[in-house]
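Structure first, then comments.
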Amino acid sequence: MMDDLERLYKTHYPAVVRFLYRKIWDPDRAEDLAQEVFIRAMAHKPEKPRAWIFAVAANLARDEARAAIRRKKHLTLLKDDPIPLSTPEPSADDAVERDERWSRVTEALAELTERDRDVLLLWDAGLSYPEIAAQTGLAVGAVGTTLARARKRLIEAHDRADYKARTAHS
């Protein structure tokens, strides 16, 4: 069983981190939550481990989002508080471009329904249609249609965000 878990970890850890990151938008926290997913997998030894790890990851991301909302209610944000950087800063132009690009992607994903966002992120993480169906409660036959519509909505939302950003700078 340990060989199976090791193989599962090696083959799916990056996809789980990416899936979690796109749900919570914090790379360090996504890695922490991914570790928790695999620790739980060792304890539970699921029969269908690939689908199971993404189900646990989705639940942990949902819990993380709820906790973040609770924390935000209790925090006062300080303006212009410097953030220490441990790596060299990119050029100002590169940083602005990267931040604007991520902002548009985040804005576009936020416009999607939770189901569309989940289907896209699960597909991006490499899950099969039957696994996505099991995770989301959709019929297997509806996954492809939902995915196609979600992609179209994401592109449209991104195009709107991109247009809005371009016209704001004009």
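Every number here is computed from the coordinates shown, using simple stated rules; none is lab data. On a predicted model such as this, the values are computed, not experimentally measured, just so you know. Reconstructed Cβ throughout: ideal geometry from the backbone, glycine too, with neighbour counts over all protein chains shown.
For the pair Ala67 and Ser91 in one chain, pulling the backbone fully straight at 0.36 nm per residue adds 5.3 nm over the alpha carbon distance. Counting only residues at least eight positions apart within a chain, or on another chain, the aspartates and glutamates with an alpha carbon under 20 Å from that of Lys152 are Glu107, Glu111, Glu114, Asp116, Asp118, Asp124, Asp162. Compared with the direct C-alpha span, the chain from Asp26 to Arg98 gains 24.4 nm at full extension, assuming 0.36 nm per residue.
Between Thr106 and Ala148, the contour length at 0.36 nm per residue exceeds the alpha carbon distance by 13.2 nm.
How high is the FRET efficiency from Ala168 to Thr113, r the C-beta distance, R0 25 Å, rounded to 0.05? Efficiency computed from Cβ-Cβ geometry: 0.45.
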